[in-house]
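> Quick one: the structure is below, and I'll ask about it shortly.
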Amino acid sequence: MNTKNRNLAQFFPAIRTKDLILNEINSDPALSGLFYRWRQDQQDDFLSICSGSKGVKMIYDSYFKEILNPELTPERLSDLLSILIGRKVTVKYQLPNDNSRLGDEMSLVITDIVVELEDGTIANVEVQKLGYAFTGERASCYSADLLLRQYKRVRDKLRENFTYKNIAPVYTIVFLENSPKAFKEFRDQYIHTFFTVSDTGLSLNMLQNFIFIHR
């Protein structure tokens, strides 16, 4: 066991070396069958994480959903969104997936969270991780899709009482695992917020908002 793992093991006795973990895997046909069906990089990542030699990436779907589960620990997600949006946010509930949405379904971290802002406004938030391929054009299409799905949902619910005033703001929040070139020019700024403003100062309740977080 290397020095780093020895230090970790003092505080986390469950941490074992990669060799010990492999021995346990190889001693169980079911575990070994599953493990060796993975790609080599997946095997290496698993052993590194379990042995404590590397940490997990919080933006990976399984970890993000476990730590920031809007049903089990809504206060964590509320705090995060409050920081990013810049207003007090309380997570109300998570909407079910919509099979009619745009492509790249598997790239989503969390789909469609309904939140209440500090002034009582209800907003929809969608968190995504699409990495290097996520451009402004693509973000705009996802935001439009999110807004349209909300429109359909609210219209069907209110029917003849529906007006466009019933549509709440939508936020598309993008965690970039790999930053595109344009983001690298802002080395000391990691959160970028986009919203619609007029060149004349005219104020209208435009509904689409974007937040990009990169490293």
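Just so you know, all these numbers are worked out from the coordinates, no wet-lab data involved. Just so it is clear, the structure is predicted and the values come from calculations on it, not from any experiment. For neighbour counting, all protein chains shown are included, and Cβ atoms are generated from backbone atoms with ideal geometry for every residue, glycine included.
> Beyond 25 Å between alpha-carbons counts as too far, so tell me which of Lys57/Lys152; Lys18/Lys65; Lys92/Lys152; Lys92/Lys157; Lys92/Lys165 fall in that bin.
Lys57/Lys152; Lys18/Lys65
> May I ask you to order 157-166, 64-73 by the average number of other C-beta atoms within 10 Å around their residues, highest value first?
Numbers: 157-166: 9.4, 64-73: 15.2.
Top to bottom by mean Cβ count within 10 Å: 64-73, 157-166.
> Hey, fewest Cβ within 10 Å first, where do Lys88, Lys184 land in order?
Going from sparsest to densest Cβ surroundings: Lys184, Lys88.
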